[in-house]
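Accompanying notes for the structure given below.
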């Protein structure tokens with residue numbers, strides 16, 4: 001079936017996800033942990049099988065037919081992803097995921113640009129992967145990591161980002177959508193503010209690319225990162241977008257094969273971008289799977305996806321809000337993908353165990369965002385996160401499971 | 001839902017709601033902190049010693065029902081015991097919680113943790129207080145984690 005006929009949440013679309021056929025604890029799987037990792041549609045799985053059955057070979061190396069085909073698939077995927085993001089092909093670096101993308105920028109751009117006394121600006125909504133690489137860099141350089149505060153609703157304090165950009169700020173790194181709370185940040189405005197002050201920006205788009213269209217030109221970001229495994233693509237795929245001039249000026253990060261132009265024991269010279277940043281044999285099947293996943297999403301259409309997911313989010317917020325003793329953690333005006341909540345008298349870890357036994361997979365814990373939890377005064381939350389295949393039955397199953405947990409705990 | 005009822009028995013829920021020996025001991029002879037990074041459970045165990053035996057024990061922190069009830073029941077169970085006896089009780093609790101043993105014979109209230117055996121992901125919740133107690137007995141300065 002062509003993806004053009006698929007409606008978000010429809011039985012036909014759900015049938016494209018083989019894993020939804022299985023049961024969990026003898027109940028149908030209700031997968032609401034999409035922000036942790038997405039499930040894979042048949043098209044993406046088939047693409048991986050095609051790779052290993054039809055054209056598997058190392059890329060950029062052999063003169064033989066298979067290597068030529070593998071290279072065409074890999075570089076073709078780069079072109080298709082660049083087109084999706086509004087970038088040039090040379091601006092797309094394949095990585096293992098967003099974490100590796102951020103570490104690459106921190107250690108290549110960061111080490112070259114950040115000196116003692118300089119500042120790196122992040123927000124209180126960041127995932128650990130957009131905190132720790134900057135912490136390591138700042139400690140090494142004697143630079144300062146500054147944090148834009150959030151409100152009790154889980155939104156950035158208005159005006160704080162602008163006021164915290166100083167002449168010493170070398171880079172501002174911030175998430176588009178909070179993985180813990182679902183808050184959508186005004187990243188376009190933030191990029192514009194930073195650019196006006198000459199500050200380089202990095203946007204973490206891990207919880208964005210699967211939910212709405214992302215265009216680096218209209219966004220105005222200098223760097224943008226995301227992980228393939230969260231956007232219906234294979235594990236081990238990821239992207240670093242960087243403005244070409246920035247990438248060209250940056251020193252290489254990891255050394256090895258493919259990233260060099262020539263090597264002698266006296267000196268090596270570097271391949272041009274993006275290959276300068278891709279040392280070693282890449283996970284080309286994963287990269288091809290990522291291009292396939294983005295095209296699969298485009299065929300469904302992001303307008304339909306966003307409208308469907310917003311309907312599910314609103315219904316979930318409404319269902320939870322109407323239950324006694326249930327509190328939403330983070331109440332952003334603009335939300336995407338995620339609802340975080342707490343139930344009085346039930347620890348999130350216990351709640352997630354009860355939900356699991358009813359077939360409902362959610363995340364319980366700090367969501368790799370401990371500073372968010374600390375700021376909102378909770379040790380952990382329960383998080384339901386949505387994707388294109390979820391439907392109202394899933395929302396109802398979640399609500400029913402929460403009611404069952406309350407009954408079990410005598411609440 | 002039987003396994004859930006076995007896990008969240010009234011004994012566990014009651015101790016989780018109203019834990020015994022909850023708070024700090026000031027002064028104390030030994031203490032240790034424990035942490036489960038997976039779920040964010042944090043616990044501290046405080047001890048006063050009478051020779052080699054635990055004479056008083058308290059704990060505080062924030063954890064799930066399994067962790068809090070385990071700490072509460074543990075503090076009731078180990079008063080007056082020396083290290084070797086405490087280790088033996090923990091081994092029995094651990095064997096029950098992991099399903100290695102189904103006989104909670106002489107464990108008394110601690111036998112309730114047999115319900116954890118159907119939930120392998122939750123064994124660490126039940127054992128964190130015990131590991132923290134052992135660290136306190138060893139006066140281990142570094143925080144314990146379950147990882």
Exercise for review: Can you work out which of the residues in region B:58-83 that are assigned to a loop (DSSP other than H, G, I, E, B) and crowded, with 24+ Cβ neighbours inside 10 Å is farthest from the other protein chains (Cβ to nearest Cβ)?
Suggested key: B:63
Exercise for review: Kindly check whether there is at least one residue in region A:195-214 that is part of a helix (DSSP H, G or I) and in contact with a helix residue (DSSP H, G or I) (Cβ under 8 Å, 6 or more places away or on another chain).
Suggested key: no
Exercise for review: Return the residue satisfying two criteria in turn: it lies in region B:1-20 and is in a loop (DSSP other than H, G, I, E, B) and within 14 Å of the chain's Cα centre (by Cα), and of such residues it is nearest to the other protein chains (Cβ to nearest Cβ).
Suggested key: B:19
Review point. Taking strands (runs of 3 or more DSSP E) that fall entirely within region A:235-343, which contain at least 1 residues that are within 25 Å of residue A:369 (Cβ to Cβ)?
Key: A:238-242, A:326-328, A:338-343
Study note, to complete from the structure: Flagged in region B:115-134 as more than 25 Å from residue B:48 (Cβ to Cβ) and either crowded, with 22+ Cβ neighbours inside 10 Å or without any contact (Cβ under 8 Å) to a residue 40 or more places away in the chain (or both), in numbering order, are B:115, B:116, B:117, B:120, B:121, B:122, B:123, B:125
Review point. Is at least one residue of region B:49-57 away from chain A (no Cβ under 14 Å) and assigned to a loop (DSSP other than H, G, I, E, B)?
Key: yes
Exercise for review: Go through region A:376-392 residue by residue and tally those that are more than 10 Å from chain B (Cβ to nearest Cβ) and either in contact with a strand residue (DSSP E or B) (Cβ under 6 Å, 6 or more places away or on another chain) or without any contact (Cβ under 8 Å) to a residue 40 or more places away in the chain (or both).
Suggested key: 5
Exercise for review: Return yes or no: is residue A:314 over 22 Å from residue B:38 (Cα atoms) and free of Cβ contacts under 8 Å to residues at least 60 places away in the same chain?
Suggested key: yes
Review point. Can we say residue B:103 is more than 10 Å from every other protein chain (Cβ to nearest Cβ) and either under 12 Å from the mean Cα position of the chain (by Cα) or not in a strand (DSSP E or B) (or both)?
Key: yes
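Every read-out reported here was derived from the displayed coordinates using simple, explicitly stated rules and does not represent laboratory data. From a predicted model like this one, the values you see are computed outputs, not experimental measurements. Neighbour counts are summed over all protein chains in view; Cβ atoms, including those assigned to glycine, are modelled from backbone coordinates with ideal geometry.
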